[in-house]
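Remarks on the structure that follows.
The values are calculated or read from the model by the stated rules, or taken from the named source; none is laboratory data. These numbers were taken from a predicted model, which means no experiment stands behind them. Please note: Cβ atoms are built from the backbone with ideal geometry, for glycine as well, and neighbour counts cover all protein chains shown.
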């Protein structure tokens, strides 16, 4: 289906924007009152509402894991333009400030309406994320231990 192909291409492009720290482009298709949830009790976890909060979250992601690279493995697109669900399975890797490797994998669930992202829920290994952030904080990166963005 052509619609599914277009959505998949845009989603993959958004992950490319994240990998290259292009935050404005990453949130371009986000609805003003998006609901964003990330599993885990750490600086990147929690829930937030609103495009600016999500942009701030992406900026934090770039600060605390500056060389993170997310590889999209599979994208599933279900639904019609007025109600679309997209599942993205991914692997993420980075090198921490202490030289250790950070590896995580997860699943993003996007809810789209007419090309806008209204909800994004990220399921990942929250223990791996917390461990990586603890390592960054121990190396002097205070933002890695900051309160969640809400």
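In table form, for the structure just shown:
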{"quantity": "Hey, residue 96 under 19 Å from residue 26 (Cα atoms) and in contact with a strand residue (DSSP E or B) (Cβ under 8 Å, 6 or more places away or on another chain) or not", "calculated": "no"}
{"quantity": "Residue in segment 27-40 that is modelled with pLDDT of 95 or more, under 19 Å from residue 139 (Cβ atoms) and surrounded by fewer than 17 Cβ atoms within 10 Å (Cβ to Cβ) present", "calculated": "no"}
{"quantity": "Restricting segment 50-77 to residues that are part of a strand (DSSP E or B) and touching a residue at least 24 places away in the same chain (Cβ under 8 Å), the residue that is farthest from the chain's Cα centre (by Cα)", "calculated": "77"}
{"quantity": "From 110, 118, residue being closer than 30 Å to residue 80 by Cα, touching a strand residue (DSSP E or B) at 6+ places or on another chain (Cβ under 7 Å) and surrounded by fewer than 19 Cβ atoms within 10 Å (Cβ to Cβ)", "calculated": "118"}
{"quantity": "Selection status of residue 92, assigned to a strand (DSSP E or B), without any contact (Cβ under 8 Å) to a residue 60 or more places away in the chain and at positive phi", "calculated": "no"}
{"quantity": "Within segment 11-45, considering residues that are assigned to a strand (DSSP E or B) and under 12 Å from the mean Cα position of the chain (by Cα), the one nearest to residue 111 (Cα to Cα)", "calculated": "36"}
